[in-house]
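I have placed the structure first, in the form of structure tokens, so that the comments after it can refer back to it.
The values are calculated or read from the model by the stated rules, or taken from the named source; none is laboratory data. Computed from a predicted model, the values in this text were never measured in an experiment. Note that each Cβ is placed from the backbone with ideal geometry, even for glycine, and that neighbours are counted across all protein chains shown. Heads up: the accessible areas ignore ligands, DNA and RNA and are worked out on the full protein's heavy atoms, side chains in. Shrake-Rupley method; radii C 1.70, N 1.55, O 1.52, S 1.80 Å.
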Amino acid sequence: MKTDPDCVFCKIVAREIPAAELLEDDDAFAFLDIGPLTPGHTLLIPREHYTTVDEMPGDLLARVTQHLPLLVQAVQAATGCDGVNILQNNHRIAGQLVPHVHIHIIPRRPGDAWTFNWPASEYAEGEMGKMADRIYRELERRC
Ligand code: AMP
Ligand code: ZN
């Protein structure tokens, strides 16, 4: 199993540094985020060190994310929140600070501290089809 001796989440998995642990199995580990956007902000990670989600084998990602329904149910019940955002940042440009794949589960309530900008735009005529073709060709190359 790949680990990175300098990675804070690898250290949490190895119990070299403490965390408020919530769940673990052979592939996954979950704990409270130390800097919560809202109370109950939870992180779900693979035990193994992968920097970004596209580096992970799909079946491992599936075994990690299989815990999301139960984890979300537990976080919602424990915090009494009205819903959650599930967020996963890849690379610095997308807001990733810790280079070990992690999935944020962020409880939401009316008037809570977190807002995010969602500047929806539109495709120019014909551009949506071209974009779908480009992505589709990349998928085909990889299958
Ligand atoms: P990201 O910006 O997506 O990389 O998020 C990294 C998250 O890891 C942040 O929300 C941090 O608060 C959280 N974090 C960093 N160090 C720790 C730690 N030792 N224990 C728990 N959460 C941490
Ligand atoms: Zn790591």
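Here the Karplus curve 6.51 cos²θ - 1.76 cosθ + 1.60, taken at θ = phi - 60°, turns the phi angles of the range 56-70 into couplings of 7, x, x, 5, 5, 4, 5, 5, 6, 6, 4, 7, 4, x, 5 Hz, with x standing for Gly and Pro. With respect to the chain, whose longest principal axis is taken over its alpha-carbon atoms, helix 127-142 is tilted by about 60°. When +1 charges are put on Lys and Arg Cβ atoms and -1 charges on Asp and Glu Cβ atoms, the dipole computed for the chain relative to its Cα centre reaches about 120 debye.
Here the accessible area is traced with a 1.4 Å probe on the protein chains. For the range 22-143, carbon and sulfur cover 57 percent of it. Rounded to the nearest 0.05, the FRET efficiency derived from the C-beta distance between ALA14 and THR51 at R0 = 25 Å is 0.90.
Using a 1.4 angstrom probe, figure out how much accessible area the chain has per residue, in square angstrom, rounded to the nearest whole.
On the way: 9380 Å² over 143 residues.
Ligands and nucleic acids excluded, the figure is 66 Å² per residue.
Counting heavy atoms of the protein chains alone, PHE31 has an accessible area of about 10 Å² for a 1.4 Å probe. For a test of the definition: using alpha carbon positions, the gyration tensor, and the 1.5 limit on a/c, classify the chain as rounded, prolate or oblate. Cα axes put the chain in the oblate bin. A simple spin-label model places the labels of ASP26 and ALA124 5.2 nm from each other, with each point 7 Å out along Cα-to-Cβ. Here the Karplus relation 6.51 cos²θ - 1.76 cosθ + 1.60, evaluated at θ = phi - 60°, turns the backbone of the range 19-34 into coupling constants of 8, 7, 6, 10, 6, 7, 8, 4, 10, 10, 8, 9, 7, 6, 5, 6 Hz, with x for every Gly and Pro.
In this label model, ILE34 and VAL98 are separated by 0.8 nm, measuring between points 7 Å along each Cα→Cβ vector.
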